[in-house]
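Encoded as structure tokens, the structure appears first; notes follow it.
The values are calculated or read from the model by the stated rules, or taken from the named source; none is laboratory data. Worth saying up front: this structure is predicted, and the values here are computed from it rather than measured. Neighbour counts are summed over all protein chains in view; Cβ atoms, including those assigned to glycine, are modelled from backbone coordinates with ideal geometry. Protein only, heavy atoms only, side chains kept; ligands, DNA and RNA dropped before computing areas. Shrake-Rupley method; radii C 1.70, N 1.55, O 1.52, S 1.80 Å.
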Amino acid sequence: MSNTQTHHDVDVVVVGAGFAGLAMLRELRDERGMSVRVLEAGDDVGGVWYWNRYPGARCDVDSTDYSYTFSPELDEEWNWSERYATQPEILRYVHHVADRFDLRRDVTTGARVATATWDDDAARWDVTCEDGTTARGRYLVMATGCLSAVKRPQVEGIEDFTGQVLHTADWPREPVDLAGKRVGVIGTGSSGIQVIPRIAPEVEELVVFQRTPAFSVPAHHQVLSDAERAALKLSLPERREMLRNSPTGLSVPVTRRGALDDDDAARERHYEEQWHSAGFGFLLAYNDLLVSHEANRTASDFIRGKIAERVNDPALAEKLSPHTYPYGAKRPCVDTGYYETFNRENVTLVDIAEAPLTRATATTLETTDAAYDLDVIVFATGFDAMTGSLLKPTITGRDGVTLKEHWAGGPLTYLGLMTAGFPNMFIIAGPGSPSLLGNVMVSIEQHVDWVSALLVDSEAAGTPVVEATAEAEAEWVERVNAAAAPTLYMEAASYYLGAEIEGKPRVFMPYAGGLRRYRRECDEVARDGYRGFRRSPEPSTDLQPA
Ligand code: N01
């Protein structure tokens, strides 16, 4: 329920009630005894899983590994029904957690944050929302997610289109009936690759507008039997340990083998095996796929070969095959029957790299080559990733400097957790941390634990104003750049690099050194008395001039 026009004076204001915001709330309130108010733009909790309700939306990390780990009771009572849970099941899980731990009472929904301003004299953050809700807190935690600011490309004339215009990341709450309709989907990233095979059998005609083909491997999705669920539960402690110590946060064994350590036949056998089981983990088939062109080419060629096998028409298979960037340099996709969908009579692929979209009319979407009659246009065009949700509200730190100004050349952070000049503001799983390069659930929990430990330590020491120093920030930005420099990530126009939005600074945003190394670094910083953070007592009001 929305609490409009209310004011909340608390220890901590958290922005966002997705997985990260709810974890932060539970940890700070129930484990650390702090008062917390979570402000959420949506009408319910769930974050990305609240908004992305398109048909076919599901997780592409095993659900067992995409779960909270803080409560053995929760593990015991919750049963995932499928290897990769669907969006409705994940949302049910979030609701279950919110109810089970009585989190909703500290969440204000329908409250989109408009401004957050640091009051240096009082050492408080003042937050305002578009609906009039206000909050004041000693700490501000941005748990806004890396994939939540929706990207809606400008298509000339789209406002004249008389059919329905949808976006995968802002799908209507009420059911959408696509049966018998002529549907155009723009975008072939993870969302497009999930929605396309799911709706193809029910629509009259499906036209897919592809600008850049994706690399996708089979998800190997499966419904879990009782026996499989029981076995998964038994393996949880071991699995969790693996997640915590892995560079990716995935329960995939780390291999020390490079792709060229195997001869052609052995490598082909290994890829074949991985193809039939690994899903997202295919990227980890060898340890050098993201650092060696030669190694990467073996995997890229293997996947292109599979696309050729899965698509009947060789010319179409070629159009669906990526050639302009190495496998993994853009976030790879996993699918269920994606390529085979193009063998259907009612599905057409339009290569808009070759013949770009020009405009929409009342009834069509047009390229430089042709006009397509449509009833529905679905944008599967993704997000203003990583920084979009942080820069949407106006966040003003010390001396009136806004985050937008401070990050004009790209995001600057220390450990991805804080940015200099914005005291007591923390970012969960954002730029400068591993974030989207691994299982984000593992990243979220690591950040939540680390931030809460810092707050407790600072409060106990009587130094609750915490700030990253400019030197530590500059040094960390160098480290983030250095970690990405030798990788093939730098060779794709990806959202990791800010290439998804025109005019966005081209800097590699996530930390590519791996979750394990990152966790170690954060732990060492804490052990060194929070090296790189300046901590000070709150200003005494007695010292204020009259
Ligand atoms: O977005 P994307 P997404 N004209 O940015 C195209 C997570 N996720 O929503 O590559 C025409 O990946 C764009 O083309 P190009 C996951 O982390 C997870 O699919 O820019 N086309 C691309 O094809 C994922 O990586 C799951 O040339 C335009 C597509 O739209 C992230 O979310 C499921 C265009 C955008 O792909 C984002 O995925 C879904 C334009 N102006 C998503 N602008 C899980 O399974 C963009 N495109 C957990």
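Need one word for segment 393-461: rounded, prolate or oblate. Basis is the Cα gyration tensor (sqrt eigenvalues a ≥ b ≥ c); a/c below 1.5 gives rounded, then a/b vs b/c decides. Oblate is the answer for segment 393-461, as a/c is 1.5 or above yet b/c matches or exceeds a/b. In terms of overall dimensions, the chain has a Cα radius of gyration and Dmax of 23.7, 81 angstrom.
Ligands, DNA and RNA excluded, the heavy atoms of GLU77 present near 80 Å² of accessible surface to a 1.4 Å solvent probe. With contributions of -39500 (n - 2.57) from each DSSP H run of at least four residues, the per-residue ellipticity at 222 nm computed over the chain stands at -8500 deg cm²/dmol.
Taking all protein chains together and a 1.4 Å probe, the residues HIS270, HIS96 rank HIS96, HIS270 from largest to smallest accessible area.
Considering only DSSP beta bridges where both residues belong to the chain, give the percentage that are antiparallel (nearest 5). If I count the DSSP bridges inside the chain, around 40 percent turn out antiparallel.
Could you order ARG211, ARG517 so the one with the most accessible surface comes first? Probe is 1.4 Å. All intermediate terms of the calculation are to be shown ahead of the outcome.
Working: ARG211 160, ARG517 130 Å².
The ordering from most to least exposed comes out as ARG211, ARG517.
3J(HN,Hα) along segment 390-407: 7, 9, 5, x, 8, 9, 10, x, 4, 6, x, 7, 8, 4, 4, 5, 4, 9 Hz, from the Karplus curve 6.51 cos²θ - 1.76 cosθ + 1.60 with θ = phi - 60°, whole Hz, x for Gly and Pro. By its C-alpha gyration tensor, with a ≥ b ≥ c as the square roots of the eigenvalues, how is segment 259-415 shaped: rounded for a/c under 1.5, else prolate for a/b larger than b/c, else oblate? Cα axes put segment 259-415 in the oblate bin.
For the pair VAL456 and ASP102, the difference between a 0.36 nm per residue extended length and the Cα-Cα distance amounts to 125.2 nm. Quick check: at a probe of 1.4 Å, how many percent of the accessible area of segment 415-481 sits on carbon and sulfur atoms? In segment 415-481, the share of accessible area belonging to carbon and sulfur is 56 percent. Counting heavy atoms of the protein chains alone, THR144 has an accessible area of about 30 Å² for a 1.4 Å probe.
Net charge near ASP106, counting Lys/Arg +1 and Asp/Glu -1 over other residues with Cβ under 12 Å of its Cβ?
Values: positive: ARG26, ARG29, ARG37, ARG104, ARG105; negative: ASP11, ASP30, GLU40, ASP102.
Surrounding charge for ASP106 is +1.
Going by a ≥ b ≥ c, the root eigenvalues of the Cα gyration tensor, does segment 223-344 fall in the rounded group (a/c under 1.5), the prolate group (a/b larger than b/c) or the oblate group? Note, shape of segment 223-344 comes out oblate. Atom-type composition of the exposed protein surface of segment 131-269 places 50 percent of the accessible area on carbon and sulfur (1.4 angstrom probe). Protein heavy-atom accessible surface, 1.4 Å probe, per residue over the chain: 41 Å². Largest accessible area first, the listed residues LYS306, LYS181, LYS392 line up as LYS392, LYS181, LYS306 when surface is computed with a 1.4 Å probe on the assembled protein chains.
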